[in-house]
Amino acid sequence: MPQYDVVIVGAGVAGPALAHALSTLPRSKKPRIALLERSLAEPDRIVGELLQPGGIKALRKLGLEGCIEGIDAIPTYGYCVLDSPRSVRIPYPSGHQGCGFHHGRFIMALRAAAKRAAGVDLIEATATGLIEEGGRVVGVKTTKKTQDEELKEEYRAGLVVFADGCFSNFRNAVMGSASTKPITNSHFCGAILEDVVLPMPNCGTVALIKGSGPVLMYQISEHDTRILIDVKNPLPADLKTHIVTHIVPQLPSSLQPAIETALEKDRLRRMPNSFLPPVSQATSATKPGAILLGDAWNMRHPLTGGGMTVALHDVVLLQSMLAKVDDWSDLNSIHQLLRKWHWKRKPLASTVNILSFALYDLFGADDELLAVLRTGCFKYFECGGECINGPVSLLSGIAPSVLLLAYHFFAVAFYSIWVMFTHPHVVSKPGQKPVYAIPGVDQYPFLLIKGFQV
């Protein structure tokens, strides 16, 4: 039975990145790493296809920047927000860019890099359970189907890392009573548009939809553009009809034929948009000897495309911290590492997590007060300068600063209230020709109360 220094369960984004990262550490003896994945075939998912500049920066630190080369990746230079008939461009700060790609191609490149790394064994097997001895995790049990039989094997190590994604089979077992259940309020419904030109090429396009969640579009190869349509729970019985009837007419007319074609030609695939807060793993409730990583531990809304950036940044931190631990099987050292890691990752992870749901709540506003903030946020972006640079630097993982987040959070709130008092708004009745007017002084007492509520 092979004995490893580390067993990593899951070869999505975080697993291969960590395997490669640990293999490059300057140690007297190269660590032996088992990277387990239930299927080594190219995955086919509708999310995990937009990597922010912060994620590219993390790839570069890990020596994995080559993984976005040769996969027909498309550079992205920021976002375009559409609120018909208005639009605003939100570019990344100068010198920064992200990229869009087919998820499966990126994963296969990461796996290939891990497989080439010294001391890493990439193994196709399904992890089925924990191996525990002396009150700690010492490995995992696996099964592997062959043509004739189902093989059962065990992989043991001083440290076991679970990076098995949003549907993790080991989250509850590792976290114990500290485990929390992911909260899902909506789903992304995805399809691929062929040979379309977005309103602002090489930008992630966010279309705000009345009565529904936002629609996200970005190019993932020379000919393919991903569209993700946010549909709130409960999902309609006839999802395609709902999308064609209520959502497609609100999107740019130049894209509507391609969207309708995509919906007719392919099955509409769904992915839950979940939130899972990063509960500390350095507690008495969690299983010693095991670490959760990536979506198995922490999730945020994928609207802002921050998941891979957070996961890769977590790997960068783990690599540097594990480099200072001589014995990875020493429970006390790993316990201290987990406590430090939990707080060291906070500046980036918290800003990305909070922004993902704050922007989702605003862009999918179905509340009168949130609508005020949504209008103010859009006009805040229209101001340009730091009103764009600050928020997009936070969103993209370039500037992990909680103080900067708080500043722009309240700046948008107060600017929204000012807009409510001073900018024209619709005063005509629904169904009539829009008539705009600036609020009069007689409306100020009511608006003042509403301002406090906002």
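Where a number appears in this text, it was derived from the coordinates with a stated rule and is not lab data. Quick caveat: nothing in here was measured; it's all calculated off a predicted structure. Please note: Cβ atoms are built from the backbone with ideal geometry, for glycine as well, and neighbour counts cover all protein chains shown.
Using alpha carbons only, how many angstrom separate the centre of segment 223-288 from the centre of segment 372-413?
If you average the Cα positions of each part, the centres end up 25 Å apart.
Compute the angle between helix 307-322 and the longest alpha-carbon principal axis of the chain, please, reported from 0 to 90 degrees and rounded to the nearest 10.
Rounded to the nearest ten degrees, it is 40.
So how do 104-116, 328-340 stack up, highest first, on mean other-Cβ count within 10 Å?
104-116, 328-340
What is the Cα centroid distance between segment 19-98 and segment 107-133, reported in whole angstrom?
19 Å
Determine the relative contact order of segment 216-316: mean sequence separation of Cα pairs under 8 Å and six or more apart, normalised by residue count, in whole percent.
After rounding, I find 17 percent.
Determine Rg/Rh for segment 328-402; Rg is computed over alpha-carbon atoms and Rh is the Kirkwood hydrodynamic estimate from the same atoms.
We get a ratio of 1.20 for segment 328-402.
Take every DSSP beta bridge whose two residues both sit in segment 183-274, then give the antiparallel share in percent to the nearest 5.
DSSP beta bridges in segment 183-274 are roughly 100 percent antiparallel.
Can you give the angle from 0 to 90° between the axis of helix 368-382 and the longest principal axis of the chain, with both taken from C-alpha atoms, to the nearest 10?
Long axis of 368-382 versus the principal axis of the chain: about 90 degrees.
Treating only the Cβ atoms of Lys and Arg (+1) and Asp and Glu (-1) as charged, compute the dipole magnitude of the chain about its Cα centre; round to the nearest 20 debye.
900 debye
When only alpha-carbon atoms count, how far does segment 183-274 stretch along each of its three principal axes, as whole angstroms with the largest first?
Taking the Cα atoms of segment 183-274, the three principal extents are 34, 25, 23 Å.
Quick check on segment 18-154: what are the equivalent-ellipsoid semi-axes from the Cα gyration tensor, as sqrt(5λ), descending, whole Å?
Three semi-axes, in Å: 37, 20, 15.
Of Lys210/Lys265; Lys232/Lys379; Lys240/Lys346; Lys57/Lys144; Lys152/Lys287; Lys145/Lys232, which sit over 31 Å apart, Cα to Cα?
Pairs exceeding the cut-off: Lys240/Lys346; Lys57/Lys144; Lys145/Lys232.
What ³J(HN,Hα) values, in whole Hz, does the Karplus curve 6.51 cos²θ - 1.76 cosθ + 1.60 give for segment 201-216 when θ = phi - 60°, with x put for Gly and Pro?
Karplus-based 3J(HN,Hα) across segment 201-216 equals x, 6, 10, x, 9, 10, 9, 8, 10, 6, x, 7, x, x, 10, 10 Hz.
Normalised by the number of residues in the chain, what is the relative contact order in percent for Cα pairs under 8 Å and 6+ residues apart?
It comes to 18 percent, rounded to a whole number.
Compute the helix-to-body angle for 386-395: its Cα long axis versus the longest principal axis of the chain, expressed 0 to 90° and rounded to tens.
30 degrees
Could you name the lysines whose alpha carbon sits less than 24 Å from that of Lys29, not counting residues in the same chain fewer than 8 places away?
Partners found: Lys61, Lys115, Lys324.
What is segment 366-453's relative contact order, in percent, from Cα pairs under 8 angstrom and six or more apart in sequence?
Relative contact order, segment 366-453: 26 percent.
How long are the semi-axes of the equivalent ellipsoid of segment 84-194, taking √(5λ) for every eigenvalue λ of the Cα gyration tensor, in whole Å from largest down?
The equivalent ellipsoid of segment 84-194 has semi-axes of 37, 21, 17 Å.
Give or take rounding to whole Å, what are the principal axis extents of the alpha carbon atoms in the chain, in descending order?
Dimensions of the chain along the principal axes of its Cα atoms: 78, 46, 42 Å.
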